[in-house]
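The values are calculated or read from the model by the stated rules, or taken from the named source; none is laboratory data. Since the model is a prediction, treat every value here as computed from it, not as a measurement. Note that we place each Cβ from the backbone using ideal geometry, even for glycine, and neighbour counts take in every protein chain shown.
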Amino acid sequence: MGLETTINNKRIAKNTIFLYFRMVLVMGVNLYTSRIILNALGINDFGIYGVIGGLVGMFSIISGSMSSAISRFLTFELGHDNNIRLKKTFGVSLSIQICLAIIIVLLCSTAGAWFLHHKMDIPASSLIAANWILVFSMLTLVVNLISVPYNAIIIAHERMNIFAYVSLLEVALKLGVAFLILLFSSNRVIIYSGALFLVAIIIRLIYGVYCNRHFLECNTRPILDRKLFKEMMGFAGWNFIGASSSILRNQGNNVILNMFFSTAVNAAYGLTMQVYNAVNQLADNFMTSVNPQITKYYAQSEFEEMNKLMKRSSILSFYLTLIITSLIFMNTPYILHLWLKEVPPYTVSFVQLIMLFTLIESISRPLITGMLATGKVRDYQIVVGGLQLLNLPLSYLALRLDATPLYPLIIAVLISVICLIARLIMLKKIIPFDGMKFLFDVCIKAFIVGGIVLGIPYLLKEGLYADKSLLNFIGESLINLLWCCGIVFFLGCDRQERKFIISAVAGAYRKIKR
């Protein structure tokens, strides 16, 4: 078992390197692309595109739970090495996604169009563009839905290098789209949304060709197996609560902000979600390489290894996210002005709040994977999903009572802490898991380290983070990086973890020296 664990750890490390290489480039290109798009479209059109994209995104609550189910079932069958059932699972997954795509087209064309024209605050001069954005956003969502089984099978086989390469091509195409719309003097937002639809088709074709050539289970047509369909839908049915709560929180908040404030606030929120998605790639990439192993450990009833991996990945996910978020949190105004020519109101506070939210969620990711691996999600989703569903009504109520636009994100941060504690309690009821030990060894330690890393520099902000030049920003960022890494190393790691880090750094240094 020790040799197998070592091999698995090396595979995780290798896959993480591929995904981090992807993350650095993707994050940089995405942020640069956002700047070009904001300048090309202007704040109002950028806000309109973001809020309509949020409206269409809300319809993906129908499919969000199925995406998790498909990923879980495919990885589980790979862990069992059952090729016949694996092929059947892939075929059923295709059938389900096609059916969901048809349902979403019908809903977007009717309920979505009605909401756009009767409930949203869109200037009359922009209604034609808004309708085209709705159509292209809907079609892009449909293409992405059909791609879900292919993406899931690549991750289940742990081919992270392919996942990274295709992602790099995708962001390169989106960057090309950003420069393309600069060639047009009018209808830029329509051309932009249409071009993104074409990019989605290209990426879908690439994934399809690769999977059909390399994985035998993908050489099948959509099929309908009633027993397997019922099993997957049962899993997805309860998981629907959690999947829909995340979408309603992220996309729904943008819609209700539009109901109370101008499209400039939507632009600020849209830019904030761009930053969130970029930073979130850090934890996503790490967990993408870890998730298959957690699920496979459960499939093989290796609960001790499963618990060790969840614990290690939770604390490491937090520390890796902390390094990035601390740099952004302490220099948000300067970074935004460096990134954007024109910063919409509330963007600075939005970004700082979303950084806190990202930190808390980074701890929960391995726990969510562990819960999904069991397939026993009913009670978990009722409790945790129910708590997350409170985000939207509480945000609406706060705004109805004349709260500032910051309150939806403040509420999201508070609910995220409550959900973390609820996950520990629920997971303990399903698998052999010491929730109290995880609370003290991971959660409390992470909050102490995070409080010190962010708290002390923030108190000194007036002296250290006043108006600065680019050279001062670089110098302060290096100091902040050393401060963060030092606190993580000496306070956040135990003796064994420090020895491992020293050994890894020494090994890397020897390789470079050669």
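Just a few scattered comments:
- Looking only at the range 130-186, and only at residues there that are part of a helix (DSSP H, G or I) and among the polar types (S, T, N, Q), the one that is nearest to LEU86 (Cα to Cα): ASN151
- Taking the range 484-497 as the range and being without any contact (Cβ under 8 Å) to a residue 60 or more places away in the chain, in a loop (DSSP other than H, G, I, E, B) and under 16 Å from GLY451 (Cβ atoms) as the test, only LEU491 passes.
- Answer from PHE115, PHE90 - the residue that is aromatic (Phe, Trp, Tyr), out of contact with any strand residue (DSSP E or B) (no Cβ under 7 Å at 6 or more places or on another chain) and within 30 Å of ASP45 (Cβ to Cβ): PHE115
- Residue in the range 274-288 that is among the charged types (D, E, K, R) and at pLDDT below 85 present: yes
- Being modelled with pLDDT of 80 or more and farther than 15 Å from GLY91 by Cβ holds for only one residue in ALA267, ALA243, and it is ALA267.
Here is a yes/no grid of residues against (1) under 22 Å from LEU100 (Cα atoms); (2) not polar (S, T, N, Q):
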{"residue": "LEU183", "(1), (2)": "no, yes"}
{"residue": "ILE191", "(1), (2)": "no, yes"}
{"residue": "ARG204", "(1), (2)": "yes, yes"}
{"residue": "ASN212", "(1), (2)": "no, no"}
{"residue": "PHE229", "(1), (2)": "yes, yes"}
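- Here the condition is being in contact with a helix residue (DSSP H, G or I) (Cβ under 9 Å, 6 or more places away or on another chain) and assigned to a loop (DSSP other than H, G, I, E, B); of PRO333, PRO366, PRO345, it holds for PRO345 alone.
- Test set (1) under 14 Å from ILE48 (Cβ atoms); (2) modelled with pLDDT of 80 or more - ILE122 fails condition number: (2)
- Pairing each residue of the range 159-176 that is surrounded by 16 or more Cβ atoms within 10 Å (Cβ to Cβ) with any residue that is at pLDDT below 80 and of a type in the set (Lys, Arg), provided the two are 6+ apart or on different chains, yields C-beta distances under 6 Å for ALA164/ARG22; SER167/ARG22.
- Residue in the range 399-454 that is farthest from THR321 (Cα to Cα), counting only those that are among the β-branched types (Val, Ile, Thr) and touching a residue at least 60 places away in the same chain (Cβ under 8 Å): ILE431
- Only a single criterion out of (1) without any contact (Cβ under 8 Å) to a residue 24 or more places away in the chain; (2) of a type in the set (D, E, K, R); (3) part of a loop (DSSP other than H, G, I, E, B) is not satisfied by LYS230, namely (3).
- Here the range 469-483 is the region considered, the condition is being of a type in the set (Gly, Ala, Ser) and in a helix (DSSP H, G or I), and the residue that is nearest to MET330 (Cα to Cα) is SER477.
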